[in-house]
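Structure record follows, encoded as structure tokens.
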Amino acid sequence: MNMTAEMPGSNEHNPVQLKYGSTVCDLQLPPEHLAGALLPFLAPPSDTPEEIICRALDVCNAEISRCAPGDKIVIVTSDITRYTGSEIYLPLLVERLNRQGIPDGDIEILIALGIHRTQTEHEHQKIAGSLFGRIRVIDHDCDDADGLTQIGTTSNGIAVSINRRAVEADHLILTGTIGFHYFAGFSGGRKSVLPGIASRQSCLASHFAVLNPGEGNGKNRLAVTANLEGNPVHQAMLEACALAKPAFILNTVLSADKRIMAAFAGPWRGAHEAGCDYYREQFAWPLVEKADLVIASCGGYPKDINLIQAHKSMEYASQAIKDGGVMILLAECRDGFGNGSFFSWFRYRSLQEFEAALRARYEINGQTAYSLLQKAQRFRIILVSQFPDQQVEQMGMVPAQSLDQAMDLAQETLPERWRCYLMPEAGSVLPTPVK
């Protein structure tokens with residue numbers, strides 16, 4: 001775990017800078033109130049991104065050597081909302097397949113959209129890099145019945161239907177990036193299959209596993225960030241991936257500024273678990289005690305482009321606050337909520353009523369809204385954003401137009417000797433209280 005508890009350049013003459021959209025907010029805290037800054041301090045890798053990827057692919061020589069002329073290859077990769085370094089690793093992967101005698105025409109790149117929108121041609125170009133125009137790039141469609149086929153059922157009864165191209169391929173290769181996920185534990189690995197290339201019904205059913213069986217029983221306590229053990233959402237994804245029988249995976253780990261710092265490749269389950277262990281070690285912050293106040297920035301645009309994206313920072317920051325404490329979240333949200341139905345869920349004001357509605361008509365974005373309301377009722381969350389005050393209040397939060405105003409509002413309820421953590425890259429650091 002490589003972290004710093006210092007905020008570089010922060011003193012009484014040089015205030016801390018926190019990103020907000022495309023701008024920066026200055027903050028100067030009296031030292032007696034500052035408990036520390038939770039900030040990744042990751043040394044730049046000594047190797048180039050290409051060297052990192054090639055070394056990872058060397059592990060898969062045996063799997064790649066099984067690919068022979070005439071075989072059809074499908075490579076799954078993430079859509080534009082999840083940068084993975086694909087424009088770097090996809091050409092290197094295809095080069096190795098070409099060496100095996102696999103022509104470009106027998107290789108397809110399948111974009112794991114899950115239930116997201118289709119990609120533009122420009123977005124395909126950004127994802128495929130130098131392969132654009134050489135290798136066919138196809139968007140997965142979760143609602144295309146003819147393009148889906150059922151491959152089995154999980155132990156908890158989820159009928160798994162995935163993209164027919166993946167099933168009919170001679171070799172299915174999964175690629176993506178590993179990071180924290182607030183209820184699947186981690187992204188990457190098995191998520192390329194479910195929800196990545198699954199039917200809408202399969203996606204919703206797997207995410208519904210976040211809730212305990214039975215009305216009013218709430219969220220499963222094991223379906224949380226950085227936990228895979230006993231996590232029912234992770235388990236459903238594991239079983240779906242096993243049914244798809246991928247040849248191998250290639251997953252990157254990225255720094256906060258989106259540099260490739262590591263890559264993991266090989267058998268789909270073992271390589272993913274190794275990557276998750278590495279990510280946890282690098283990005284989890286052991287916390288001896290929680291604070292009265294956490295001031296969190298998502299890291300500016302595009303990390304705070306909408307509220308659904310900003311929720312990740314809110315989730316991690318909440319791990320560092322005492323019950324009843326205060327969070328100030330800097331999230332510009334220039335593109336609004338990130339989904340057309342997201343805000344409508346806040347017509348439910350009590351968690352019990354909200355949960356009942358979610359069970360009756362489950363939506364993945366409704367689950368995110370439910371998680372936000374849980375935090376808004378546990379802590380006092382002051383949101384600095386572009387949303388109208390009324391909308392922020394409807395979501396159970398306190399609106400502020402600036403960081404200065406947010407600090408004034410926070411101090412209305414903070415104790416006299418309050419202590420504060422700063423999280424300038426809140427979406428990249430997970431506070432983990434030491435028990």
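Taken together, the values in this text are just the output of simple stated rules run on the coordinates, not laboratory data. Keep in mind that what you see is a predicted model, and the values were worked out from it rather than measured. Virtual Cβ from ideal backbone geometry, glycine too; neighbours counted across all protein chains shown.
Relative contact order (percent) for the chain, with alpha-carbon contacts under 8 angstrom and 6 or more residues of separation?
Here the relative contact order equals 18 percent.
Residue by residue through region 399-408, which ³J(HN,Hα) values in whole Hz follow from phi under the Karplus form 6.51 cos²θ - 1.76 cosθ + 1.60 (θ = phi - 60°), with glycine and proline marked x?
Going residue by residue, I get x, 9, 8, 7, 5, 4, 5, 4, 5, 4 Hz, with x marking Gly and Pro.
If neighbour count is taken as other Cβ atoms inside 10 Å, put Ile115, Ile138 in order from fewest to most.
By the 10 Å Cβ count, ascending, the order reads Ile138, Ile115.
Quick one: Cα centre-to-centre distance for region 391-425 and region 219-253, in angstrom?
So the two Cα centres are separated by 35 Å.
Suppose a student asked you for the relative contact order of region 49-281, using Cα pairs under 8 Å spaced at least 6 residues apart; what percent would you report?
23 percent
Could you name the aspartates and glutamates whose alpha carbon sits less than 17 Å from that of Lys303, not counting residues in the same chain fewer than 8 places away?
Cross-link targets: Asp79, Asp257, Glu315, Glu332, Asp335, Glu425.
Under 29 Å between alpha carbons, and skipping anything fewer than 8 positions from Lys245 in its own chain: which lysines qualify?
Lys72, Lys126, Lys191
Return Glu355, Glu51 ranked ascending by Cβ neighbour count within 10 Å, so the fewest neighbours appear first.
Neighbour counts put them in this order, fewest first: Glu51, Glu355.
As I understand it, the value is the acute angle between the Cα axis of helix 268-283 and the longest principal axis of the Cα atoms of the chain; what does it come to in degrees, rounded to 10?
20 degrees
If you place +1 on the Cβ of every Lys and Arg and -1 on the Cβ of every Asp and Glu, how big does the dipole about the Cα centre of the chain come out, in debye to the nearest 20?
780 debye
Under 5 Å between amide H atoms, partner at least 5 residues away or on a different chain: which partners does Tyr20 have, H built in plane at 1.01 Å?
Cys25
Which option, (1) 67, 56, 43; (2) 72, 51, 41; (3) 63, 51, 47, is the value of Cα extents along the principal axes in Å that was calculated from these coordinates?
(2)
Placing +1 at every Lys and Arg Cβ and -1 at every Asp and Glu Cβ, with all other atoms neutral, what dipole size does region 49-281 have around its Cα centre, in debye to the nearest 20?
340 debye
At 10 °C and a viscosity of 1.306 mPa s, what translational diffusion coefficient does Stokes-Einstein give for region 49-281, taking Rh as the Kirkwood radius over Cα pairs? Give it in µm²/s as a whole number.
Value of D from the Cα-based Kirkwood radius: 90 µm²/s.
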